[in-house]
Amino acid sequence: MQLTLILQLQIALFVAFLLLVICIIKIWLQRKALEQYRKSTELFKQSVNGYQESVELFRQAINEYEFLLKEHGIDTSKPKAKVPQQSISPPPLQFKVTQEEIDINNKYLHSELIALTNNVKTANQLLEKQRQFYPGKSENWLLKQVISDLKLKKPQEQLRSKTPQTQTEVSLSPPSDTPLPDLKKMKRQPSKPKGVSKNNPLYKELLNLISGNEEIANRLITHQQQLNPDKLENWILEKVVGDIKRDRRV
């Protein structure tokens, strides 16, 4: 019995000792937390005092500024007039044109220039002159400029040819040395371009090759119809599509 009582007392003392140690640790942790809280409150008070000092300095600066304005006779009570804002219109939409479409358009314009001059060498000479006059311009701009100049010159030449000649220049009978025109060598006038069905699969393939640009497609078709007036619609479309594919392979 005495041994059991002694064991119980020892166990009770050990448990009490553990509880005492735990309490001491908790008190130490609470004191440490209180110390950190005290330091943080001191820092907060210092920051608040610094903010109040900066506000006071700012108020003093404002008072000095207002005093200087009054000395110079500047009235700050009047509200400033609002500057009317100009309405800025959005920039116009710009469509991106690929280099391939530009090359096709240049090819068409070059063929049109050759048709106007009836001579490849003359067309190249006119284009070279324009290139020398305007060295910074693009090939497309130069071709359009040459074509527009030729179209302006043709009506003037026709008007000059239709003006009545003077009596000294008019002869009643043609000279005997004037040769008659050779009908075989005369160029055949191209027939008017015919319409092409938009449901034709070849026409759809042509649109796919030039990114759906119908204007360029119609120009190419019209050009081929002028060069080959007797050919059928499918032949014309196959020719245009084949030329584009060949140019891309090159």
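Results, tabulated for the structure shown:
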| quantity | calculated |
| --- | --- |
| Calculated FRET efficiency for the pair Ile27/Val55, C-beta based, R₀ 51 Å, to 0.05 | 0.75 |
| Stretchable slack from Leu232 to Arg248, in nm (0.36 nm times residue separation minus alpha-carbon distance) | 3.3 nm |
| Reach of Lys198 by Cα under 15 Å, taken over aspartates and glutamates that are not fewer than 8 positions away in the same chain | Glu214, Glu215, Glu233, Glu238 |
| Long pairs among Lys144/Lys231; Lys121/Lys153; Lys121/Lys245; Lys137/Lys245; Lys129/Lys245; Lys204/Lys245, criterion Cα-Cα beyond 23 Å | Lys144/Lys231; Lys121/Lys245; Lys137/Lys245; Lys129/Lys245 |
| Difference of contour (0.36 nm per residue) and Cα-Cα distance, Leu34 to Asn140 | 29.7 nm |
| Length gained when the stretch Leu20-Glu100 is fully extended (0.36 nm per residue, less Cα-Cα span) | 19.6 nm |
| Heavy atoms of Asp230: accessible area, 1.4 Å probe, square angstrom to 10 | 110 |
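The values are calculated or read from the model by the stated rules, or taken from the named source; none is laboratory data. Worth saying up front: this structure is predicted, and the values here are computed from it rather than measured. Counting neighbours? That spans all protein chains shown, and the Cβs are built from the backbone with ideal geometry, glycine included. Accessible surface is based on the protein model in full, side chains and every heavy atom, while ligands, DNA and RNA are left aside. Shrake-Rupley method; radii C 1.70, N 1.55, O 1.52, S 1.80 Å.
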